[in-house]
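Sharing a structure with you now.
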């Protein structure tokens, strides 16, 4: 994604009342994804998970941990 588009989207989200909810949904999605990847890591589907393991996804600025 172009940095300018990402920045604009982050500004619009921060100006809205949805920032906390969106960040919480993103956090929950990442937790579900990593739990599933952990279950499937050493098995017949590991080739699906391996390419994304080195990725470091950007989180919402000011995301609430936990």
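Only the coordinates and a few stated rules stand behind these numbers; no lab work does. These numbers were taken from a predicted model, which means no experiment stands behind them. Note: ideal-geometry Cβ built from the backbone for every residue, glycine included; neighbour counts use all protein chains shown.
Considering just Cα atoms, how many Å³ per residue does the convex hull of segment 13-52 enclose? Mind showing how you got there, number by number?
Details: hull volume 2.3 nm³, N = 40.
In segment 13-52, the Cα convex hull volume per residue is 58 Å³.
Show me the ranking of peptides 19-26, 32-39 by mean Cβ neighbours inside 10 Å, starting with the highest.
Packing proxy ranking, top to bottom: 19-26, 32-39.
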